[in-house]
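Notes for the one structure printed next.
Only the coordinates and a few stated rules stand behind these numbers; no lab work does. All of these numbers come straight from a predicted model, not from anything done at the bench. Cβ placement follows ideal geometry from the backbone for every residue including glycine, while neighbour counts extend to all protein chains displayed.
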């Protein structure tokens, strides 16, 4: 006899819901100047969250990244351990584009005739 799962909430998800998507979402593009500056910076190299704020010209970098994610990019954030200026251990966020993100951006640039 099969025993029921200990936590029923954990068994509610369909396996296909938790598996990585087999079809990559397409980047829908943007004309927002803040998005464009952040995309250009992330195409060059990884960027700290504070740098994203400065590059975008706004103090809402995580929301800008969330907007890019809603448009089809992954833009993962790694938490990097460090020591702050007061000597406390912290973990700051570093955003980067995946290889798939770079391909999506290049395809979008080709489509709009910019590459």
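Being farther than 16 Å from residue 38 by Cβ and in contact with a strand residue (DSSP E or B) (Cβ under 8 Å, 6 or more places away or on another chain) is the filter here; which residues of segment 49-108 pass it?
If the condition is that a residue be farther than 16 Å from residue 38 by Cβ and in contact with a strand residue (DSSP E or B) (Cβ under 8 Å, 6 or more places away or on another chain), then 78, 79, 80, 81, 82, 83, 84, 89, 90, 91, 92 are the ones that fit.
Among the residues of segment 44-83, which ones are surrounded by 12 or more Cβ atoms within 10 Å (Cβ to Cβ) and part of a loop (DSSP other than H, G, I, E, B)?
Of everything in segment 44-83, those that are surrounded by 12 or more Cβ atoms within 10 Å (Cβ to Cβ) and part of a loop (DSSP other than H, G, I, E, B) turn out to be 46, 58, 60, 71, 72, 73, 74, 75, 76.
Scanning segment 86-105 for residues that are in a loop (DSSP other than H, G, I, E, B) and touching a helix residue (DSSP H, G or I) at 6+ places or on another chain (Cβ under 7 Å), which turns out farthest from residue 55 (Cα to Cα)?
The initial filter retains those residues of segment 86-105 that are in a loop (DSSP other than H, G, I, E, B), namely 86-88, 96-98.
Checking which are touching a helix residue (DSSP H, G or I) at 6+ places or on another chain (Cβ under 7 Å) leaves us with 96-97.
Numbers: 96: 14, 97: 16 Å.
Looking at residues that are in a loop (DSSP other than H, G, I, E, B) and touching a helix residue (DSSP H, G or I) at 6+ places or on another chain (Cβ under 7 Å), I get 97.
Could you please give the count of residues in segment 58-80 that are under 17 Å from residue 31 (Cβ atoms) and free of Cβ contacts under 8 Å to residues at least 24 places away in the same chain?
Counting residues in segment 58-80 that are under 17 Å from residue 31 (Cβ atoms) and free of Cβ contacts under 8 Å to residues at least 24 places away in the same chain gives 1.
I'd like the full set of residues that are part of a helix (DSSP H, G or I) and free of Cβ contacts under 8 Å to residues at least 60 places away in the same chain, limited to segment 106-115.
Correct list: 106, 109, 110.
Assess whether residue 41 counts as being surrounded by 15 or more Cβ atoms within 10 Å (Cβ to Cβ), on the phi < 0 side of the Ramachandran plot, more than 11 Å from the chain's Cα centre (by Cα) and outside any loop (DSSP other than H, G, I, E, B). Even if it seems obvious, please write down each step before you answer.
On the way: surrounded by 15 or more Cβ atoms within 10 Å (Cβ to Cβ): yes; on the phi < 0 side of the Ramachandran plot: yes; more than 11 Å from the chain's Cα centre (by Cα): yes; outside any loop (DSSP other than H, G, I, E, B): yes.
Yes; evaluated as a whole, the condition is true for this residue.
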